[in-house]
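These notes are about the structure you will find just below.
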Amino acid sequence: MPTYEALPRFTADLDRLTPEQRRRFRQTVAAFVDDLRTGRFRAGLRVKRVRCASGVYELTWSMGSGPAGRATWEYGPARRPGTQHIIWRRIGTHNILTGP
(Lines give C-alpha, C1' and ligand atoms only; values in the text may rest on other atoms or scores of the structure.)
Protein backbone atom coordinates (compact mmCIF):
# COMPACT_ATOMS: atom_id res chain seq x y z
CA MET A 1 0.00 0.00 0.00
CA PRO A 2 1.52 3.36 -0.97
CA THR A 3 1.84 6.08 1.63
CA TYR A 4 0.50 9.56 1.06
CA GLU A 5 0.19 13.05 2.43
CA ALA A 6 -2.10 15.91 1.48
CA LEU A 7 -0.96 19.49 1.22
CA PRO A 8 -3.15 22.04 3.05
CA ARG A 9 -4.39 23.42 -0.27
CA PHE A 10 -5.58 19.92 -1.27
CA THR A 11 -7.43 19.54 2.02
CA ALA A 12 -9.14 22.93 1.55
CA ASP A 13 -10.09 21.98 -2.04
CA LEU A 14 -11.43 18.62 -0.85
CA ASP A 15 -13.62 20.30 1.76
CA ARG A 16 -15.28 22.32 -1.03
CA LEU A 17 -16.36 19.21 -2.94
CA THR A 18 -19.83 17.77 -2.51
CA PRO A 19 -20.17 14.42 -0.71
CA GLU A 20 -20.88 12.76 -4.08
CA GLN A 21 -17.75 14.29 -5.63
CA ARG A 22 -15.67 13.05 -2.69
CA ARG A 23 -17.20 9.57 -3.07
CA ARG A 24 -16.25 9.48 -6.75
CA PHE A 25 -12.71 10.60 -5.88
CA ARG A 26 -12.36 7.80 -3.32
CA GLN A 27 -13.45 5.27 -5.98
CA THR A 28 -10.88 6.70 -8.38
CA VAL A 29 -8.14 6.53 -5.74
CA ALA A 30 -8.85 2.82 -5.24
CA ALA A 31 -8.09 2.23 -8.94
CA PHE A 32 -5.10 4.60 -8.74
CA VAL A 33 -3.60 2.62 -5.82
CA ASP A 34 -4.07 -0.66 -7.69
CA ASP A 35 -2.28 0.83 -10.68
CA LEU A 36 0.58 2.15 -8.53
CA ARG A 37 1.20 -1.43 -7.47
CA THR A 38 1.41 -2.66 -11.06
CA GLY A 39 3.43 0.31 -12.32
CA ARG A 40 0.99 1.06 -15.18
CA PHE A 41 -1.94 3.47 -15.03
CA ARG A 42 -5.11 2.42 -16.82
CA ALA A 43 -6.25 4.71 -19.63
CA GLY A 44 -9.49 5.58 -17.81
CA LEU A 45 -7.57 7.45 -15.09
CA ARG A 46 -6.01 9.75 -17.70
CA VAL A 47 -2.80 10.21 -15.71
CA LYS A 48 -0.42 12.66 -17.35
CA ARG A 49 2.26 15.18 -16.47
CA VAL A 50 1.25 18.78 -15.86
CA ARG A 51 3.23 20.77 -18.43
CA CYS A 52 3.69 23.94 -16.40
CA ALA A 53 4.87 22.19 -13.21
CA SER A 54 7.88 19.90 -13.20
CA GLY A 55 7.30 16.59 -11.41
CA VAL A 56 3.54 17.18 -10.99
CA TYR A 57 0.95 14.81 -12.46
CA GLU A 58 -2.76 15.09 -13.11
CA LEU A 59 -5.41 12.41 -12.53
CA THR A 60 -8.84 12.89 -14.15
CA TRP A 61 -12.19 11.19 -13.53
CA SER A 62 -15.92 11.77 -14.01
CA MET A 63 -17.67 13.69 -11.24
CA GLY A 64 -21.10 13.03 -12.76
CA SER A 65 -22.78 16.03 -14.29
CA GLY A 66 -20.56 19.01 -14.94
CA PRO A 67 -16.83 19.22 -15.54
CA ALA A 68 -14.47 16.32 -14.93
CA GLY A 69 -12.74 15.99 -11.59
CA ARG A 70 -9.02 16.47 -11.41
CA ALA A 71 -6.38 15.98 -8.76
CA THR A 72 -2.73 16.91 -8.98
CA TRP A 73 -0.04 14.94 -7.21
CA GLU A 74 3.65 14.20 -7.17
CA TYR A 75 5.91 11.42 -6.00
CA GLY A 76 7.60 12.11 -2.69
CA PRO A 77 10.50 10.40 -0.94
CA ALA A 78 9.60 6.85 0.11
CA ARG A 79 8.48 6.59 3.72
CA ARG A 80 8.89 2.80 3.66
CA PRO A 81 11.46 1.00 1.51
CA GLY A 82 9.96 -0.23 -1.75
CA THR A 83 6.72 1.70 -1.28
CA GLN A 84 5.74 4.74 -3.31
CA HIS A 85 4.79 7.94 -1.51
CA ILE A 86 2.23 10.27 -3.08
CA ILE A 87 1.80 13.95 -2.24
CA TRP A 88 -1.68 15.18 -3.12
CA ARG A 89 -1.50 18.84 -4.20
CA ARG A 90 -4.89 20.04 -5.52
CA ILE A 91 -8.35 18.65 -6.28
CA GLY A 92 -11.33 20.08 -8.15
CA THR A 93 -11.96 20.87 -11.81
CA HIS A 94 -9.77 22.10 -14.66
CA ASN A 95 -9.35 25.40 -12.75
CA ILE A 96 -6.85 23.81 -10.34
CA LEU A 97 -4.32 23.60 -13.15
CA THR A 98 -3.65 27.34 -12.83
CA GLY A 99 -1.83 26.54 -9.57
CA PRO A 100 -1.22 22.79 -9.57
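The values are calculated or read from the model by the stated rules, or taken from the named source; none is laboratory data. On a predicted model such as this, the values are computed, not experimentally measured, just so you know. Reconstructed Cβ throughout: ideal geometry from the backbone, glycine too, with neighbour counts over all protein chains shown. Heads up: the accessible areas ignore ligands, DNA and RNA and are worked out on the full protein's heavy atoms, side chains in. Shrake-Rupley method; radii C 1.70, N 1.55, O 1.52, S 1.80 Å.
Hey, does the stretch 4-15 have a residue that's in contact with a His (Cβ under 8 Å, 6 or more places away or on another chain) and in contact (Cβ under 8 Å) with a residue 60 or more places away in the chain?
Within the stretch 4-15, the first condition is being in contact with a His (Cβ under 8 Å, 6 or more places away or on another chain), and the residues that meet it are 4-5.
If we keep only those that are in contact (Cβ under 8 Å) with a residue 60 or more places away in the chain too, we end up with 4-5.
Looking for residues that are in contact with a His (Cβ under 8 Å, 6 or more places away or on another chain) and in contact (Cβ under 8 Å) with a residue 60 or more places away in the chain, one finds at least one in the stretch 4-15, hence yes.
Would you confirm whether any residue within the stretch 27-40 is closer than 15 Å to residue 91 by Cα and touching a Ser or Thr at 6+ places or on another chain (Cβ under 8 Å)?
No, every residue in the stretch 27-40 fails to be closer than 15 Å to residue 91 by Cα and touching a Ser or Thr at 6+ places or on another chain (Cβ under 8 Å).
Any idea which residue in the stretch 31-41 is surrounded by the fewest Cβ atoms within 10 Å (Cβ to Cβ), counting only those that are over 12 Å from residue 61 (Cα atoms) and not β-branched (Val, Ile, Thr)?
Within the stretch 31-41, the subset over 12 Å from residue 61 (Cα atoms) is 33-41.
Subsequent filtering for residues that are not β-branched (Val, Ile, Thr) retains 34-37, 39-41.
Numbers: 34: 11, 35: 16, 36: 16, 37: 11, 39: 7, 40: 9, 41: 17.
Step by step, filter the stretch 31-41, then rank; the result is 39.
Within the stretch 52-74, can one find any residue that is under 14 Å from the mean Cα position of the chain (by Cα), exposed (fewer than 12 other Cβ atoms within 10 Å of the Cβ) and on the phi > 0 side of the Ramachandran plot?
Checking the stretch 52-74: at least one residue is under 14 Å from the mean Cα position of the chain (by Cα), exposed (fewer than 12 other Cβ atoms within 10 Å of the Cβ) and on the phi > 0 side of the Ramachandran plot.
Open to solvent by 80 Å² or more (accessible area, probe 1.4 Å), modelled with pLDDT of 90 or more and of a type outside the set (Ser, Thr, Tyr), is that true of residue 22?
No: the conditions fail for residue 22.
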